[in-house]
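The values are calculated or read from the model by the stated rules, or taken from the named source; none is laboratory data. The structure displayed is predicted, hence computed values, not measured ones. Cβ atoms come from the backbone with ideal geometry, glycine included; neighbour counts cover every protein chain shown.
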Amino acid sequence: MSLRTWLICSLVLAPLSAGQPAGKLRLHQERQIIPYGLDIIVYDEDVTSAMRVQEVIEWVNEAGALVGTATENVLLLPTSLAPTAVTKETATSRTTTPLCTKTLLIPGHSKLPSQNGGGILPLPAGPQETTTAVKTAGPQPTDNVVAPYRPAGGNKDTYDRFGVSYTPYRADQGCKSQQDIDDDFRRMAGSYSVVRIYGTNCNQVPMVYSAAKAHGMKLFLGIWEPSAVQEEADNIIAGINGDWNIVHTVSVGNELVNNGQATPGQIIQAVRRARSILRAAGYNGPVVAVDTFVAVVAHPELCNESDYCAINAHAFFDSTVGAEESGRWLQRTISNVRSAISSPDKKIVITETGWPTRGASNGRAIPSLENQKLALHSIKQQFGSNPGSIFLFSAFNDLWKKKDMATFNADQYWGIEGAVSSCDQ
């Protein structure tokens, strides 16, 4: 690897394994092109397009002493796509200290409570070569290739308030009741136009539908598991019961390419199948794949095949960015994504962005209630004229999640203003 590489690296697919040494890393010069499986992203001024390679990584402590080695998958990207602007002088100034600080990108909801609320579902062992739909009694598609959603006009949403993400799980990892969800939506009403959910377990679709309907809010629904598109689409169809006007979007997956749990091809196949099933049931709105901006830059086909480009992007996981810079960072990130996708006019929606109130610091990114306020103020300043393009993360603290130093022990504490669901108080 050229010593002119901008050595700020990001673990982008999976959290640190239990046996991996803590500290910093440096990269050897051996390279080998590999077909799939990204773990670390490196911005290199000698690279003109995305390149997947394999690198020998040396893990070193703060004093520079070697504590371990490993062969890791690496995604090389041009410095022009870096979330923070990098000049040639910036890159070359690092040649005397070829160390790069770990900067983690959020893995999102990598685990969800099981359908019966009896614990966390384990992650799949890895991406599967094929996907299989569960056959149920819902409408069957006649063709996997259907007409995409066509927005009424422009790249600007008509919503006058920001969207927000929400999960229907209690702190004990059980499912929230209808009363719990009603209480949560009562607190969200008037602050957000659209509420995003991620899946269909816990009977959540009919319950959030009832709550959203009562408060005049729209729903961004989700199919969590690409291999169960038919089953989850049927759950959505039954839960909405033909009232498609309340549905803003239906997504397939959440950061599965980023996390190494699916290939881009599998996600695209699932998006097409979901769109076909939902169109047959009368839904004519957008169907999208959701992944991180890093995954989308590496695989722009995820956006190209979606009805609009849906990306998760959190400034907190860039250790060079302070909370007050979150809005500008997000604007730069959108520009980088736009330069990677095939249509420069395609709408881009940020489906998760926020800042944690508690957890460990990540360089200049420090979790606190005050910094969350600064981050959200910065985001709202930058996107106040188009709030419908942003979904804040998240409505309440997700106390059902487990703390993980790979994400700075912050996963539970992204609730806006530190909000806690009434059922968890």
Scan the stretch 382-408 for residues that are in a loop (DSSP other than H, G, I, E, B) and not hydrophobic (A, V, I, L, M, F, W, C) and jot them down. GLY384, SER385, ASN386, SER394, ASN397, ASP398, LYS401, LYS402, LYS403, ASP404
Would it be correct to say that ILE379 is touching a residue at least 24 places away in the same chain (Cβ under 8 Å), assigned by TED's automatic domain parsing to the domain that holds CYS309 and part of a helix (DSSP H, G or I)? yes
Could you list, in sequence order, all residues of the stretch 212-228 that are crowded, with 22+ Cβ neighbours inside 10 Å and either among the polar types (S, T, N, Q) or under 19 Å from the mean Cα position of the chain (by Cα) (or both)? LEU219, PHE220, LEU221, GLY222, ILE223, GLU225, PRO226
Meets criteria (assigned to a strand (DSSP E or B) and not charged (D, E, K, R)) for THR353: yes
Could you list, in sequence order, all residues of the stretch 181-196 that are charged (D, E, K, R) and within 15 Å of GLY415 (Cβ to Cβ)? ASP183, ASP184, ARG187, ARG196
Subset of the stretch 176-210, residues over 20 Å from VAL290 (Cβ atoms) and either within 20 Å of the chain's Cα centre (by Cα) or basic (Lys, Arg) (or both), comes to LYS176, ARG186, ARG187
Name the residue, out of SER422, SER389, that is small (Gly, Ala, Ser), surrounded by fewer than 18 Cβ atoms within 10 Å (Cβ to Cβ) and touching an Asp or Glu at 6+ places or on another chain (Cβ under 8 Å). SER422
Evaluate the stretch 409-419: report whether one residue or more is of a type in the set (Phe, Trp, Tyr) and in a loop (DSSP other than H, G, I, E, B). yes
When you look at VAL252, is it assigned by TED's automatic domain parsing to the domain that holds VAL294 and closer than 15 Å to VAL290 by Cα, yes or no? yes
Kindly indicate whether ALA360 is surrounded by 23 or more Cβ atoms within 10 Å (Cβ to Cβ) and modelled with pLDDT of 95 or more. no
With respect to the numbered conditions (1) in contact with a helix residue (DSSP H, G or I) (Cβ under 6 Å, 6 or more places away or on another chain); (2) surrounded by fewer than 24 Cβ atoms within 10 Å (Cβ to Cβ); (3) small (Gly, Ala, Ser), which one is the sole condition not fulfilled by SER276? (1)
